Amino acid sequence: MIENELAEHRMEHAHRYCVEEQLQSNDTQENRFLKYALRHIAGRYDELRQRIEAVKNISDVLKADMLSTLHAMRCLCRHPFFRTVGSFKGLSQESLVLQKATGYSQVYRTWHLLRRAYSLNDGIYRLQSKDIATLYEIWCFIEVSHIVRHLLGLNADEVEHRNRTELSGMFTWTLGKGGHSRILFRKDDVELAELIYNPKHVERENDIVSISYLVSPTVAQKPDIVLQLTKNDLSRGMKMTYLFDAKYRIDGKAGSVDIPPEDAINQMHRYRDAIYYREYDAAPLKKEVIGGYILFPGGGEPADVEVSKFYKTIGEVNIGAFPLRPNDGRNRRLLEDFIRSLIERKSTETISQVIPQKGTFVEVGDRVLVGLVKPNSRRGYLDGFKDGKAVRYYTGSHFPTTIALQDLHFFVPYVKGLGIRDVYEITRIRTIAASEVKQTEGDGAAVNDIRLTFELKFSRRLSDGWQRIDTHGMIDYTFFDTTFEGIGQLMGL
């Protein structure tokens with residue numbers, strides 16, 4: 001072809017002729033893979049060597065042998081051949097050279113064997129195996145997460161998994177604990193529940209393995225599963241904490257029903273009494289855990305389980321056990337029905353059922369008085385709270401007789417033009433003469449008018465900012481009484 005073209009354009013001195021020449025290059029995807037595999041295996045081998053050398057009583061001969069092998073691998077990585085080979089970016093398709101070519105196929109096969117060995121080894125020569133009790137513990141965590149997701153009616157994208165495996169010891173992989181294994185259940189960006197695997201509660205908080213604001217002043221506590229349900233009916237973002245501990249043991253039978261380990265039940269009492277809530281260093285400790293429950297691989301008819309002692313104590317003292325094992329859907333429903341009741345139960349009902357300490361009396365009030373506050377009085381409320389003093393609220397000359405004063409437990413001021421935000425506990429209600437509040441109101445009222453005064457103590461905030469609500473139902477555009485659930489509906493919670 002060149003000869004013909006030369007004869008045709010002999011007189012055209014500016015004509016250019018195309019000449020093709022085959023050049024040999026080492027920069028192929030197979031050679032790039034060899035470069036990547038060699039460097040990757042050398043790095044993992046060095047990590048393995050360091051872990052083995054950290055073990056006591058390792059001979060110097062073995063250390064020298066491993067160091068020699070690592071030196072040989074590093075020399076291969078620096079071979080001049082690889083200087084002309086680029087970076088490996090993956091295989092766009094299967095390579096017959098890597099699968100069948102002499103040398104390449106051996107490296108390719110060895111690469112896969114080593115990669116699997118490094119990720120699955122539990123010892124030097126055998127695949128990973130786990131203790132059956134640990135497997136049961138992890139399975140219970142997954143099973144509880146499935147139950148919670150089903151009862152909340154969430155899709156997969158509404159469940160945020162923060163789980164990861166961690167290397168423990170030399171070759172064993174385990175599920176991460178505490179903050180490394182959390183499952184968040186959200187709906188429309190509102191947190192509904194949180195499930196945490198094997199956190200560690202200590203006196204000094206550790207964000208990696210503990211739960212925020214939970215402390216144990218004595219010794220570390222390690223429950224297997226922590227379920228926190230978020231409630232907004234009594235206080236925004238309030239969390240109810242429940243503990244589950246998986247035990248792969250039974251203590252015989254009572255009739256046809258398997259009995260959970262006695263020491264495990266005692267352990268749940270310890271967990272509930274040892275874990276406290278403390279939001280700030282200066283704040284006093286408060287009891288946090290509502291109940292603790294054992295999950296064990298027991299069997300028996302559900303009707304017999306429901307009348308067993310370890311199950312009936314759940315309703316009595318919030319400590320008990322649930323039989324749970326694979327392919328036992330009937331007893332699984334007992335746990336499912338219990339968690340459903342926890343989700344559907346109101347905060348006030350839950351707190352009112354907590355057994356009080358001897359000598360104390362627990363009464364959870366739910367009636368709330370919402371009262372209009374004039375803008376010039378708003379500053380006084382905030383100043384009173386900041387100074388740590390009691391706050392008073394004075395009514396006008398007419399207070400609705402349809403509102404039962406004895407049923408009121410909380411007061412929420414509605415600041416005109418802003419809305420509601422703060423909750424105050426009503427500590428005392430008394431009548432006073434108008435002359436005592438004349439300076440405060442400045443309305444020129446008669447001195448013999450009778451007013452009501454509410455002595456208040458700041459309790460908490462319903463929200464971070466002011467929330468507008470519908471005030472058309474106010475009596476005389478000044479008052480109305482409701483519940484926290486009713487306020488939550490007005491706020492759209």
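The values are calculated or read from the model by the stated rules, or taken from the named source; none is laboratory data. Bear in mind the structure is a predicted one, so any value in this text is a computation, not a measurement. Note that each Cβ is placed from the backbone with ideal geometry, even for glycine, and that neighbours are counted across all protein chains shown.
Filtering the range 318-328 to residues that are surrounded by fewer than 13 Cβ atoms within 10 Å (Cβ to Cβ) and either modelled with pLDDT of 90 or more or not assigned by TED's automatic domain parsing to the domain that holds Pro261 (or both) leaves only Pro326.
Within the range 1-57, the set of residues being of a type in the set (A, V, I, L, M, F, W, C), more than 27 Å from Leu96 (Cα to Cα) and within 40 Å of the chain's Cα centre (by Cα) comprises Leu48, Ile52, Ala54, Val55. It is to be established whether one or more residues within the range 284-301 are touching a residue at least 12 places away in the same chain (Cβ under 8 Å), surrounded by fewer than 14 Cβ atoms within 10 Å (Cβ to Cβ) and either more than 23 Å from the chain's Cα centre (by Cα) or assigned to a helix (DSSP H, G or I) (or both). Looking for residues that are touching a residue at least 12 places away in the same chain (Cβ under 8 Å), surrounded by fewer than 14 Cβ atoms within 10 Å (Cβ to Cβ) and either more than 23 Å from the chain's Cα centre (by Cα) or assigned to a helix (DSSP H, G or I) (or both), one finds at least one in the range 284-301, hence yes. Quick one: how many residues across the range 1-37 are touching a residue at least 40 places away in the same chain (Cβ under 8 Å) and not in a loop (DSSP other than H, G, I, E, B)? Number satisfying all stated conditions: 9.
Just one of the listed residues (Ile124, Ile147, Ile132, Ile138) is surrounded by 14 or more Cβ atoms within 10 Å (Cβ to Cβ) and at pLDDT below 90, and it is Ile138.
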